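Have a look at the structure below before the remarks.
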Amino acid sequence: MFNDIIQKDLNVHAAWLPVTQNYELGDYGLISDGVFAKLGNISEFGVTLNSTKGPDAKLDYTSARTKVTKFSGGAEVDAIPAAAIDAKVVFKFETANSFIIKCPVISVNAISNVQQVANQLKKVGGWRKAWKVVYETYNADDAVVMSTVDGDTEISFTGDAKALKELKIGSADVGFNSTKKLGLDIQGKDGVIALGLFKLKMIGGGPVFLGEDEKTGDAVVEDLKGKTLENDL
């Protein structure tokens, strides 16, 4: 489910487990059960790469059929005042396997010479065309990734009024409580949340950038600048 959200909204692959796993540019591996399984790094084959940094962005996702209620001083409010002393935000999830994904800052690192890397890999003895290579890492700061197991689950966030006003629930000054067991619980962590992957074409060996439509063929994505990271629901 998490991978489905990432693929639909970012057109890249989820890093699993999100935030907690260490991924780097040039890591290679296979797709297993829909997620990337790392085998090693292309540096092991003497392949060199150049890196560049993309513009920062954010990811804000809340599953459908979720009610979000804000409180100040014990009373329900439309917006939490910045000077509120007793602030709280409650997410009530009607359905099982629902998600909150909030990453106020995502920095993107990318391989800037993908074609040159692909040319090097074509010459590597033993390289398998089925292997995928990480050419982008999406690094989230103060990330929150939580999922429910059962329906009718409430997750309450309390603490710093300014952070709650802006729904920055991954802040170190914000605590939480859940009425039921959570399937995934990551709060206030920094790390890789998503990966851009490419593989070598079966014929010619050029790079194929993998996304939501990767199963339709080996069409090469010419322009990656149109990607969007925002999904405010």
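Nothing in this text is a laboratory measurement; each read-out follows from the coordinates by a stated rule. This structure is a prediction, so every number in the text was calculated from the model and none was measured. Neighbour counts run over all protein chains shown; Cβ positions are idealised from the backbone, glycine included.
Brief remarks follow.
- Cross-link reach list, lysines versus residue 122, counting only Cα pairs under 29 Å and skipping chain neighbours closer than eight places: 38, 53, 132, 199, 201, 215, 225, 227
- Classification of the chain by its C-alpha gyration tensor yields a prolate form. The axis ratio a/c (a ≥ b ≥ c) is 1.5 or more, and a/b outweighs b/c.
- Placing unit charges on the Cβ atoms of the charged side chains and taking the dipole of the chain about its Cα centre, the candidate lying farthest along the positive direction among 203, 16, 175 is 203.
- Per-residue Cβ neighbour rank within 10 angstrom, fewest leading, 135, 28, 61: 61, 28, 135
- The GNM of the chain, with springs linking C-alpha atoms under 10 angstrom apart, assigns the highest mean-square fluctuation among 26, 196, 183 to 183.
- Relative exposure of 90, 124, judged by other C-beta atoms within 10 Å (fewest first): 124, 90
- Simple label model, 7 Å out from Cα along Cβ direction - residue 83 to residue 51, nm: 4.5 nm
- As a proxy for reagent exposure, 94, 136 were ordered by neighbouring Cβ count within 10 angstrom, fewest first; the result is 94, 136.
- Charge dipole of the range 129-173 about the Cα centre (unit charges at C-beta), most positive-ward option of 133, 163, 146: 133
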